[in-house]
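The values are calculated or read from the model by the stated rules, or taken from the named source; none is laboratory data. Because the structure is predicted, anything quoted here is derived from the model rather than measured. Using ideal geometry, Cβ is built from the backbone for each residue, glycine included, and neighbour counts are taken over all protein chains shown.
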Amino acid sequence: MNGWTGFFRERWMDIATALQEHLTISFMAVVLGSLVAIPLGIALVYNRISWLNSVVFFVANLFQTLPSLALLAILIPLMGIGVKPAVVALLLYAIMPILRNTYDVFCRSTPMCWNRPGAWASARFNAL
């Protein structure tokens, strides 16, 4: 009964509850991040103001580079301890990858983006 097997036998209910909470929080953050980042990525593809793309990606990169402990230190005084700050922190971390991938996919399938610098070079490289 010693070791890991004993721990899992005694605490399997607590582990299952924590796993369920973790999956729920992660799912909520990814869904909310998708609701924010996918329309924003599509809007940036058809945007005529090029500097706006740079600003949006800069802000998204800022959220991505914040350490999680620092982000929680900022969010906990504002929102308290619980599910809300965890979901908001994961939402901020989910925006950049979803936004970048949405922008890349729509930009490669839109002729308007093909004349941007590096568009054909990256398409040829990915074809390899």
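Couple of notes before you dig in:
- Going through (1) assigned to a helix (DSSP H, G or I); (2) surrounded by fewer than 16 Cβ atoms within 10 Å (Cβ to Cβ) one by one, I81 falls short only on (1).
- When L62, L75, L71 are checked against the criterion of being surrounded by 15 or more Cβ atoms within 10 Å (Cβ to Cβ) and under 14 Å from A94 (Cα atoms), L71 stands alone in meeting it.
- A search for C-beta distances below 6 Å between a residue of the range 80-102 that is under 14 Å from S26 (Cβ atoms) and any residue that is of a type outside the set (D, E) and surrounded by 19 or more Cβ atoms within 10 Å (Cβ to Cβ), counting only pairs 6+ apart in sequence or on different chains, returns V87/A29; L90/A29; L91/A29; L91/G33; A94/A29; A94/G33; I98/G33; I98/A37.
- Members of the range 38-93 that are within 30 Å of P111 (Cβ to Cβ) and among the aliphatic types (A, V, I, L, M): I38, L40, I42, A43, L44, V45, I49, L52, V55, V56, V59, A60
- For the residues F63, F58, F7, the requirement of being of a type in the set (F, W, Y), in a helix (DSSP H, G or I) and modelled with pLDDT of 90 or more singles out F58.
- Top-ranked residue of the range 18-55 - restricted to ones that are of a type outside the set (G, A, S) and surrounded by fewer than 11 Cβ atoms within 10 Å (Cβ to Cβ), ranked as modelled with the lowest pLDDT: R48
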